[in-house]
Amino acid sequence: MAAISLPSSSAPGLQTTTVTASPQGTDASSQITRITQQITKLTQQLKTIADGGGDADEKQKQAEMIQEQITMLEAQLAQIQRQQAEKDQAQATPSTPATGVNNPSDDHQIDIYV
């Protein structure tokens, strides 16, 4: 489990946010909702940093850290959505084998001798 924390001591008035890479919810929709909420919070923090006063270098470092967290969450979100789409597709496709004369079986074989 990877965790990234933004220290609040370096930016007064900025909340500490911890982003975990392991999913906490059991189903995909709850994970997607949780990740989307985290992205929203980080985006708000990014706006707060841009609007706030302070050292430009420090603001740049904090903004980069938040951007990395957002990028990681977006990648995790895309992975969950891809897995959900694959799962939905697997459920939609019947797994029963096709039967009939056009399918090879022991009863439907042609031996060709040249």
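The values are calculated or read from the model by the stated rules, or taken from the named source; none is laboratory data. Computed from a prediction, not measured in an experiment: that's the story for all the values here. Glycine gets a Cβ as well: all are built from the backbone with ideal geometry, and neighbour counts include every protein chain shown. Only protein heavy atoms, including side chains, enter the accessible area calculation; ligands, DNA and RNA are left aside. Shrake-Rupley method; radii C 1.70, N 1.55, O 1.52, S 1.80 Å.
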Exercise for the section: Determine which lysines satisfy two conditions relative to K61: a Cα distance under 25 Å, and not lying fewer than 8 residues away in the same chain. Expected result: K41, K47
Problem - Solvent-accessible surface ranking, highest first, for L42, L77 at 1.4 angstrom - result: L77, L42
Fill in the blank from the handout: For D27, the accessible surface traced by a 1.4 Å probe with all protein chains present amounts, in square angstrom to the nearest 10, to 80 Å²
Problem - Computed FRET value (nearest 0.05) for D88 with T40, which takes r as the C-beta separation and R₀ as 22 Å - result: 0.30
